[in-house]
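The values are calculated or read from the model by the stated rules, or taken from the named source; none is laboratory data. Remember, predicted model here, so these are calculated numbers, not experimental data. Here the Cβ positions follow ideal geometry from the backbone for every residue, glycine too, while neighbour counts run over all protein chains shown.
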Amino acid sequence: MKQPAFSSRRRFLGAAALGAIVPAPVNRAASPPGGCVFQEPAQNVPLSGDADVIVCGAGPAGIAAAIAAARTGARVRLFELHGCLGGVWTAGLLTYIFDFDKPGLTRELTRRLDERGARGGRNPGRFVYVPEEMKLVLEEMCVEAGVKFQLHTRVVAAFRDGAGVRLSTIITDSKSGRQAWTAPVFIDATGDGDLGAQAGCEWETGRVKDCPCQPMTMNALAVVRDVKAIRAFTSFNGTDAFEGPGGHLTCVEAFKKELKRAGVEASYGHPTIFPVRDDLVMLMLNHEYGVLSSDANGITQATVRARAEVHRLVGALRKLGGAWDGLQVAATAEQIGVRDGRRIRGRYTMTKRDLLDGARQEDGVAHVTFGVDIHAETKEANKADAISHGGFKTKPYDVPLRALIAKDVDGLMMAGRCISGDYIAHASYRVTGNAVAMGEAAGVVAALAAKSRRLPHEVRWSEAQAVLSKGA
Ligand SMILES: Cc1cc2nc3c(=O)[nH]c(=O)nc-3n(C[C@H](O)[C@H](O)[C@H](O)COP(=O)(O)OP(=O)(O)OC[C@H]3O[C@@H](n4cnc5c(N)ncnc54)[C@H](O)[C@@H]3O)c2cc1C
């Protein structure tokens with residue numbers, strides 16, 4: 001037997017006393033380089049609780065799913081690996097929302113942000129928000145709805161029932177150790193489709209199974225002395241125009257010239273800076289190419305490079321003095337922004353055709369008005385065109401409930417980035433207004449299924465619509 005890939009023989013022997021190093025199974029897709037695996041000893045995991053609906057991941061889709069399921073009368077548990085609710089909105093420091101002008105939770109979130117003075121602009125469909133305030137709003141809403149949420153907790157495994165078709169139990173890992181949780185219905189809102197993959201569903205990432213995929217971006221917040229002094233370079237100054245004088249693209253070009261004057265160039269071809277509130281601004285400056293969302297080492301390297309780039313560019317601007325005097329990074333995101341993760345195979349797979357046709361669906365859970373945004377997949381492509389829109393015109397279209405229901409495993413739904421769609425369709429429906437609408441629909445359907453002892457695909461969309469029209 002070959003030596004295992006441990007750093008020293010002593011560590012290897014110590015570990016082997018508890019478990020066993022064995023040759024990797026021949027059919028294992030991802031065999032380790034040493035050709036061996038460590039066989040973890042079986043252990044009893046405490047059954048820590050049950051629920052009617054378990055939601056994994058608390059990004060825009062997950063919080064919407066959890067709140068909607070709880071308001072429909074289900075006992076709901078929500079697990080999130082970061083230390084706050086909100087996913088890309090908060091841990092990812094996104095600060096800009098697209099395609100939000102829809103009925104339901106989107107309106108309530110907008111109202112709650114407005115009550116705190118935490119939203120910029122008047123457009124209900126796209127606006128700036130303050131991420132710290134978003135954390136509070138989401139915590140308040142989950143507490144009020146009775147969602148039991150656990151932060152700092154990663155979903156690490158999933159098990160099906162005896163017949164092997166239905167998902168019955170998940171395992172989480174946290175400071176409390178490994179814990180088992182059961183439910184009749186689960187929702188994968190991990191963005192990266194972790195739960196679906198753990199449960200054994202088919203999935204895809206990027207254009208083909210394993211990339212190329214859209215680049216990752218490390219969002220950041222910075223403070224300036226006087227936001228008015230840098231107005232020529234900041235996008236969305238109370239206007240959400242993309243083109244034309246004063247529009248986003250004009251500001252991007254002016255900002256690029258300013259970076260050049262500072263002797264630096266951003267790795268993202270559309271470096272963006274925009275006001276969030278008072279002297280707080282948001283920075284979107286970098287692209288990290290070819291990193292898979294399931295590669296922890298790759299993400300680590302990308303995070304380190306991206307954070308260094310943000311600080312380098314901000315430092316260079318500060319040295320220019322003048323309007324940039326006093327500019328400093330207030331925070332880089334806890335989570336580098338991942339655009340492409342796994343897309344779990346559902347009972348319907350959305351494709352470019354849906355976008356071309358403006359497909360309407362009887363079980364449409366979200367009406368998408370956002371077009372296609374494909375960030376360059378390589379450095380070379382970024383130089384030519386940082387964002388492509390797919391070369392065709394998208395007609396507003398519906399996301400069907402069937403794209404939110406797993407095909408290979410019963411009792412499992414998806415919401416947000418990881419629903420069933422191809423690379424092009426995903427590049428459109430993934431923005432956060434749609435993630436919320438999908439989450440809300442999935443939450444109601446999951447709750448109805450759990451309460452009536454049915455599977456999600458046995459619930460008619462009209463039943464969920466009746467609940468939603470009353471305000472779940
Ligand atoms: C750089 C960038 C810029 C973008 N710009 C915009 C924009 O301007 N406007 C817009 O509306 N959208 C934008 N998007 C798209 C949008 O942010 C995403 O598609 C959106 O995050 C989808 O929401 P989600 O809830 O599916 O995923 P996420 O926000 O990624 O949430 C998933 C959550 O699950 C958690 N999680 C993951 N794995 C596990 C696990 N195993 N166990 C427990 N928890 C887990 C994560 O920590 C996270 O909180 C942008 C995305 C990126 C990356």
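Within the stretch 72-108, being away from the ligand (no atom under 12 Å from the Cβ) and outside any loop (DSSP other than H, G, I, E, B) holds for VAL76, LEU105, ARG107, GLU108. Tell me, yes or no, whether the stretch 253-263 has at least one residue that is on the phi < 0 side of the Ramachandran plot, of a type in the set (Lys, Arg), loosely packed, with under 15 Cβ neighbours inside 10 Å and in contact with a helix residue (DSSP H, G or I) (Cβ under 8 Å, 6 or more places away or on another chain). The answer is yes, given that some residue of the stretch 253-263 is on the phi < 0 side of the Ramachandran plot, of a type in the set (Lys, Arg), loosely packed, with under 15 Cβ neighbours inside 10 Å and in contact with a helix residue (DSSP H, G or I) (Cβ under 8 Å, 6 or more places away or on another chain). Selection of first residues in the stretch 86-107 that are free of Cβ contacts under 8 Å to residues at least 60 places away in the same chain and of second residues that are in a helix (DSSP H, G or I) and near the ligand (Cβ under 6 Å from one of its atoms), restricted to Cβ pairs under 8 Å at least 6 apart or on distinct chains, gives the following pairs, ordered by first then second residue: GLY86/PRO60. For the stretch 412-430, the set of residues classified as more than 11 Å from the ligand (Cβ to nearest atom) and touching a helix residue (DSSP H, G or I) at 6+ places or on another chain (Cβ under 7 Å) consists of LEU412, MET413, SER420, GLY421, ASP422, ILE424, ALA425, listed by residue number. Could you go through the stretch 282-296 and let me know if any residue there is surrounded by fewer than 18 Cβ atoms within 10 Å (Cβ to Cβ) and either assigned to a helix (DSSP H, G or I) or more than 22 Å from the chain's Cα centre (by Cα) (or both). Yes. Only one entry of THR90, THR72 meets the criterion of being surrounded by 17 or more Cβ atoms within 10 Å (Cβ to Cβ), closer than 18 Å to ALA435 by Cα and either more than 24 Å from the chain's Cα centre (by Cα) or at pLDDT 95 or above (or both), and that entry is THR90.
If THR106 meets every condition in (1) within 30 Å of MET413 (Cβ to Cβ); (2) at pLDDT below 90; (3) of a type in the set (S, T, N, Q); (4) surrounded by 14 or more Cβ atoms within 10 Å (Cβ to Cβ) apart from one, which number is that one? Unmet for THR106, out of (1) within 30 Å of MET413 (Cβ to Cβ); (2) at pLDDT below 90; (3) of a type in the set (S, T, N, Q); (4) surrounded by 14 or more Cβ atoms within 10 Å (Cβ to Cβ): (2). GLY358: more than 17 Å from CYS211 (Cα to Cα) and more than 21 Å from the chain's Cα centre (by Cα), yes or no? Yes.
If you check PHE255, PHE242, PHE274 for being aromatic (Phe, Trp, Tyr) and part of a loop (DSSP other than H, G, I, E, B), only one passes: PHE242. Cβ separations smaller than 9 Å between residues 6+ apart or across chains give the following pairs from the stretch 48-71 residues that are closer than 13 Å to MET141 by Cα to residues that are assigned to a strand (DSSP E or B) and within 6 Å of the ligand (Cβ to nearest atom): ALA58/PHE79; PRO60/ILE97; GLY62/CYS56; GLY62/PHE79. Residues being surrounded by fewer than 18 Cβ atoms within 10 Å (Cβ to Cβ), assigned to a loop (DSSP other than H, G, I, E, B) and at pLDDT below 95 are entirely absent from the stretch 168-188. Scanning the stretch 184-203 for residues being away from the ligand (no atom under 11 Å from the Cβ), of a type in the set (A, V, I, L, M, F, W, C) and touching a helix residue (DSSP H, G or I) at 6+ places or on another chain (Cβ under 7 Å) gives a total of 3.
Is it fair to say GLY433 is crowded, with 24+ Cβ neighbours inside 10 Å, at positive phi and within 12 Å of the ligand (Cβ to nearest atom)? No. Taken as a whole, the condition of being of a type in the set (Lys, Arg) and either within 14 Å of the ligand (Cβ to nearest atom) or out of contact with any helix residue (DSSP H, G or I) (no Cβ under 8 Å at 6 or more places or on another chain) (or both) does not apply to ARG116.
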